[in-house]
């Protein structure tokens, strides 16, 4: 066969992640916490495998491999509707996150234009230095196009340069009191275990958390899940 187990696995993951991302957006409108729903579902001792929402897909596999099948299927006159719909949902997530940032800033009486947004952890998954297809890239581009002043912190990725689709040039800044307090919004993209999340909620004014990284923490920050 022209595609292997890895590609088939990527299709399965893409569809399941798309489902939980769609549920996250629905539950937000219903004023429900998708993370609490997942935690409750995990209490079932059998027949449930948790998938978690996020700001979009990244890496060299899940965002790309399923569409090898899509392209091949078209040669046989058959659309792969599940795979294509999953791709649409997952590709929309960076725009959803930017919308949540804009709403959160509006609630603070601020416009995204001119606001200082500090992104925390920008690689596509925790504890890696890999930026391939990271949703942080599109999120930064969308925020920059709307006039936000951007900075980022990531201990695994000290410098942004030379991306194929995005003209972004930034150096990672320290995650300290000065930078946190100086940001109008701190946006958590990836949940590295090495990030000092208590410091984030203690020193920032507003946190938009796409990974539930600040669950159970309290501080002066208003924490908005996205």
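Laid out as a table, the results:
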| quantity | calculated |
| --- | --- |
| Mean separation of Cα contacts under 8 Å (6+ apart) over length of region 5-89, as relative contact order % | 44 |
| Relative contact order, percent, the chain [alpha-carbon distance under 8 Å, six or more residues apart] | 18 |
| Relative exposure of 123, 222, 190, 80, judged by other C-beta atoms within 10 Å (fewest first) | 222, 80, 123, 190 |
| Using alpha-carbon coordinates, inclination of helix 5-29 to the longest axis of the chain, degrees | 50 |
| Least to most buried among 193, 91, 115 (fewest other Cβ within 10 Å first) | 193, 91, 115 |
| Principal-axis tilt of helix 66-75 within the chain, Cα atoms, nearest 10 degrees | 40 |
| Proxy reagent accessibility, fewest Cβ within 10 Å first, across 134, 43 | 43, 134 |
| Degrees, to the nearest 10: 81-107 long Cα axis against longest axis of the chain | 10 |
| Average projection area in nm² (convex hull over Cα atoms of the chain, one quarter of hull surface) | 13.9 |
| Scattering profile of region 93-225 at q = 0.09, 0.13, 0.14, 0.16 Å⁻¹ [log10 I(q)/I(0), Debye over alpha-carbon scatterers] | -0.21, -0.46, -0.54, -0.72 |
| Share of alpha-carbon pairs per 5 Å distance bin for region 5-89, given as whole % | 3, 14, 21, 20, 17, 13, 7, 4, 1 |
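Since every read-out is calculated from the coordinates, none of them should be taken as a lab result. Values in this document were obtained by computation on a predicted structure and should not be read as measured data. Heads up, the Cβs are rebuilt from the backbone with ideal geometry, glycines too, and the neighbour counts pull from every protein chain shown.
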